[in-house]
Amino acid sequence: MKFTVALPDLQKALQKVLPAIPTKSTMPVLEHVLATLRGSELTFTATDQEITISLAIIVAGEADGDLLIPARQFNDLIKELGSAGTVEITANEDSHVIAVRTPTGTYEMKGTDAQEFVNIPAFPESTRASIKREDMARMANKTVFAVSTEEYRPSMTGVFFKFNGSDVTAVATDGFRLSRVIVPAGETPFPTDLECIVPARAVELLRKIDGDVVMDVSRTHARFTVGAQTITTRIIDEKYPPYQNVIPSDNDKTLTVNQREVLSAIKRVSLFANTNTRHVRFGMTDRILSVHSEDEDSGGKGTETIPCEFTHDSFEVGFNYRFLEEAIKNITADDDPDLNVRMTFSTPVRAVLITPGTASDSLLMLVMPVKI
């Protein structure tokens, strides 16, 4: 195998496939990336047997071939070669020696026979949905933060996607907070009654995609195709919890506050919160929101007041500041041009709803309060 490739193209390709390389594996072959050259198309494939990423780029090919390349060593070298110019790569499929040549240096490393790579079966029959880049990125960005990390609740360790013809709903929850995003279909309707739970690791990869997505869902896997890249993952074979049951419909107290102002107040005041409980307290009147935290162990405390609109005489409620901060920062100018946040309450111990100030139902987040 022999080819010449532009360094920026090679670096970008490696960065896109490396997330599928395990840091350390009981199967050393998984710490390699499979390089396949056919004519001018070079394809990299990496897998940890849960997620598989494949990406094709155009190179100046001289001799076809297949070889397993030690992924991290190869990536570390290519990163250090700079971001301009080209590099020539030759791989001997008998000795498995890979030579990397630049105008100023030659480097060699030992690869592995491509036949030793794990078998990647063909993707089974599936149902397909086409999703715009900005819509997929929105769903990924605004849900994955709320995914549970508790292994004993596998259904909650991923993002739940439910297609219903005219729209798709993405939901994540860990039992303490919840985020739900609804995206309408474009010119092509979505499938009807299609649903799956996609692991958080795969959803993380969808946050920074650079093109529209074709999503294929089979009984066991989901595949996301973005241009020349494919991300294939096992889906979580569990029933998603009935999240609609925890969304309150009778919250009668409404707080409206500027996103930047309340985030800044939370960040500063939380410096004085107890590092174990992470508690902050909101105290509201019709025009003033007080954000307060204190740590009885150290004696530190902090309070800030900012303007707000509140539809009740007065009210106090406590939060885990990290959960509250992560929810509020997901409201952006795309959701509300004025960057207003609307929070609704019923009692100090019942779920708090957080939405953009425009009260659009396309984005809804929920945070459980804590006892003051």
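Where a number appears in this text, it was derived from the coordinates with a stated rule and is not lab data. Bear in mind that the values here come from a model prediction, so they are computed numbers and not experimental data. No Cβ is skipped: glycine too gets one built from the backbone with ideal geometry, and neighbour counts run over all protein chains shown.
Can you check what the Kirkwood hydrodynamic radius comes to for segment 247-367, Cα pairs only, in Å to one decimal? Don't skip to the answer; put the middle values down first.
Details: mean 1/r = 0.0694 Å⁻¹.
About 14.4 Å, per the Kirkwood formula over Cα pairs.
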**Message:** I need the peptides 215-223, 297-305 ranked by packing, meaning the mean over residues of other C-beta atoms within 10 angstrom, with the highest value on top.
**Reply:** 215-223, 297-305
**Item:** Under Karplus coefficients 6.51, -1.76 and 1.60, residue-wise ³J(HN,Hα) of segment 59-66 in Hz, glycine/proline x
**Value:** 10, 8, x, 10, 8, 5, x, 9
**Message:** Between segment 170-202 and segment 294-372, how far is it from one alpha carbon centroid to the other, in angstrom?
**Reply:** 24
**Prompt:** If you rank S293, S126, S54 by fewest surrounding Cβ atoms within 10 Å, what's the result?
**Reply:** S126, S54, S293
**Prompt:** So what's the projected area for segment 136-285, the Cα convex hull averaged over all directions, in nm²?
**Reply:** 11.9
**Prompt:** Expressed in nm to one decimal, what extension gain is obtained for the pair E50 and D76 from 0.36 nm per residue of sequence separation less their Cα-Cα distance?
**Reply:** 7.0 nm
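From the convex hull of the Cα coordinates of segment 143-228, what is the mean projected area in square nanometres?
Numbers: hull surface 24.2 nm².
That works out to 6.1 nm².
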**Asked** Stretched out fully, how many nm does the piece from T192 to S155 gain, at 0.36 nm a residue minus the Cα gap?
**Response** 11.2 nm
**Item:** Estimated inter-spin distance, R287 and V97, nm [label 7 Å along Cα→Cβ]
**Value:** 8.1
**Request:** Per DSSP H run of at least 4 residues, take -39500 (n - 2.57); add these up for the chain, divide by its residues and hand me the 222 nm value, nearest 500 deg cm²/dmol.
**Result:** -4000 deg cm²/dmol
**Item:** Between helix 259-269 and the chain: long-axis angle, C-alpha atoms, 0 to 90°, nearest 10
**Value:** 90
**Request:** Distance between Cα centroids, segment 4-37 to segment 123-169: provide it in whole Å.
**Result:** 26
**Request:** Just need the relative contact order of segment 2-116 here, percent rounded to a whole number, with Cα pairs under 8 Å and 6+ apart.
**Result:** 29
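What number, in percent, do you get for the relative contact order of the chain if the mean sequence gap of Cα pairs under 8 Å and at least 6 apart is divided by its residue count?
Numbers: 861 pairs, mean separation 45.1, N = 372.
12 percent.
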**Message:** Report the Cα-based extents of segment 88-222 along its three principal axes, largest first, to the nearest Å.
**Reply:** 54, 37, 32
**Asked** Which percentage, to the nearest 5, of the DSSP beta bridges contained in the chain is antiparallel?
**Response** 100
**Asked** By counting other Cβ atoms within 10 Å of each Cβ, how are T188, T285, T169, T26 ranked from fewest to most?
**Response** T26, T188, T285, T169
**Prompt:** Tell me, what are the semi-axes, in whole angstrom and largest first, of the equivalent ellipsoid of segment 110-181 as set by the roots of 5 times the Cα gyration tensor eigenvalues?
**Reply:** 30, 20, 13
**Request:** Return the tail of the calculated pair distribution for segment 189-239, meaning the percent of Cα-Cα pairs more than 11 Å apart.
**Result:** 70
**Prompt:** How much length is gained if the chain between E41 and N251 is pulled fully straight, taking 0.36 nm per residue apart and subtracting their Cα-Cα distance, in nm to one decimal?
**Reply:** 69.9 nm
**Relative contact order of segment 127-244, pairs being alpha-carbon contacts under 8 Å that are 6 or more residues apart, as %** = 30
**Message:** Quick check: the angle from helix 71-80's long axis to the longest principal axis of the chain, C-alpha only, nearest 10 degrees?
**Reply:** 90
**Request:** Tell me the label-point distance for the pair S218, S264, using the 7 Å Cα-to-Cβ offset, in nm and rounded to one decimal.
**Result:** 5.3
**Prompt:** Along the three principal axes, how long is the chain when you take its alpha carbons, biggest first, rounded to the nearest angstrom?
**Reply:** 79, 50, 39
**Message:** Bins of 5 Å, beginning at zero and ending with the bin holding the largest distance: percent of Cα pairs per bin for segment 2-116, please.
**Reply:** 2, 12, 24, 28, 21, 10, 3, 0
